[in-house]
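Peer 1: Questions regarding the structure given below will be posed in turn.
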Amino acid sequence: MYSSTVTQFEEPPRKKSPEEIAAEPIPLPPQSAEQPLIWRNVIAIAVLHTVAVYSFATRYHEAQLWTWLWSPFYGLSAGLGITAGAHRLWAHRSYSAKTPLRIFLAMLYCMGGQTCLFKWIRDHRTHHRYTETPADPHDANRGFFFSHVGWLMMRRHPAVKAHGSKVDMSDILADPVIQFADKYYTPIMLFLCFVFPTLVPVYVWGETWTVSILAVTIRYVWLLNATFLVNSFAHMWGNRPYNSHVKPTENPTVSFFTLGEGWHNYHHSFPWDYKAAELGAYGLNPTTGFIELMAWFGLAYNLKTPSKEIVKKISLTKGDGTDSFWGNHYHDTHHSSGERRSIQSR
Ligand SMILES: [Zn+2]
Ligand SMILES: [Zn+2]
């Protein structure tokens, strides 16, 4: 499918592409450092979560059917801005997108209200480059809470600043869509993330102000936590078919909540693959379906993916011997332990 736009790497490339070089993790020794709490963030995060959970339990049943449909639709659209936009397009350059698609993805991204694109992308590139070292902004070695949300409640480890500031961001600084979105990020984000989704239910189908505001708060907190799951759950629980020496795992539950970003052991092994998973059935990876649809429309191109042979070879040499839940059939039952051993000894 879309063979004209998909680039398959048949061999491990002798000369590594900039994406692959940027994706190679760099080990760093542990370093302890003072990281004082940022009380403003601690209180804001605590209040937001309390309001979201309490109002979902006590008030959300009052919402009209259209509000029940609108809120998840809005959240999923914003999620796509993160997965297909900030993550797979910009942070990893796993495909290229024409300007209309980049504008559309930047708009969807701002609907999520996380942080400006430059910061999100730099943090994510730093995470891949220094995975589970002191320079990883949400180092999973520091436990579930820290990697999920705790990292946002305290000053950054000095290593994150020192190494993160060296990550190459020249391509991002040169993208006029990102330049515009980041220059006007605060008003665009406030309007798209909070104001617009509150006004629509009130003025289009007569939702009450209170329920509409609470629905926006719930959707916002929901999307934040879906994003956090990749940094916490998908670095802790699941199997490791592609590289058993790193913590990221294959986690179908995380994939369900994140439009396909939970195939995280694969993603850390091949971060430049636009599918962010080995195979591309769309049920637990709708982001891949979206990118391929955009390729079909001619808006996405240069979709990068490794050949089956490379994936098989790497999973047989480095993986934990399990198969991805995803239904990967190249290295399941018919690959005997003999074949595994012979590949390992090469
Ligand atoms: Zn990760
Ligand atoms: Zn990534």
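Peer 1: Hey, which of the helices (runs of 4 or more DSSP H) in the range 110-215, taking only ones fully inside, have at least 1 residues that are of a type in the set (Lys, Arg) and away from ligand 2 (no atom under 16 Å from the Cβ)?
Peer 2: Working: elements: 117-129, 144-148, 158-164, 170-173, 176-183, 185-189, 196-205.
Correct list: 158-164, 176-183.
Peer 1: I would also like to ask the following. Looking at the structure I just gave you, is ALA277 under 15 Å from HIS92 (Cβ atoms) and buried (at least 24 other Cβ atoms within 10 Å of the Cβ)?
Peer 2: Taking the combined requirement at face value, the residue satisfies it.
Peer 1: I'd like the full set of residues that are of a type in the set (Phe, Trp, Tyr) and farther than 30 Å from GLN35 by Cβ, limited to the range 159-209.
Peer 2: Those that are of a type in the set (Phe, Trp, Tyr) and farther than 30 Å from GLN35 by Cβ: PHE180, TYR184, PHE191, PHE196, TYR203, TRP205, TRP209.
Peer 1: Of (1) within 13 Å of the chain's Cα centre (by Cα); (2) under 19 Å from SER315 (Cβ atoms), TYR242 satisfies all except one. Which?
Peer 2: Unmet for TYR242, out of (1) within 13 Å of the chain's Cα centre (by Cα); (2) under 19 Å from SER315 (Cβ atoms): (1).
Peer 1: Look through the range 55-87, keep the residues that are under 14 Å from ARG219 (Cα atoms) and among the polar types (S, T, N, Q), and return whichever of them is surrounded by the fewest Cβ atoms within 10 Å (Cβ to Cβ).
Peer 2: SER77
Peer 1: For the range 217-314, give me every one of the helices (runs of 4 or more DSSP H) that falls completely inside it and has 2 or more residues that are more than 21 Å from ASN141 (Cα to Cα).
Peer 2: In the range 217-314, the matching helices (runs of 4 or more DSSP H) lie at 252-257, 286-296.
Peer 1: A follow-up question, please. Looking at (1) within 13 Å of ligand 2 (Cβ to nearest atom); (2) without any contact (Cβ under 8 Å) to a residue 40 or more places away in the chain, which is the one condition that is false for PRO248?
Peer 2: The single condition PRO248 does not satisfy is (2).
We did not get these values from a lab; they are worked out from the coordinates using the rules stated. Source: prediction; values computed, not measured. Here Cβ is always computed from backbone atoms with ideal geometry, including for glycine, and neighbour counts include all displayed protein chains.
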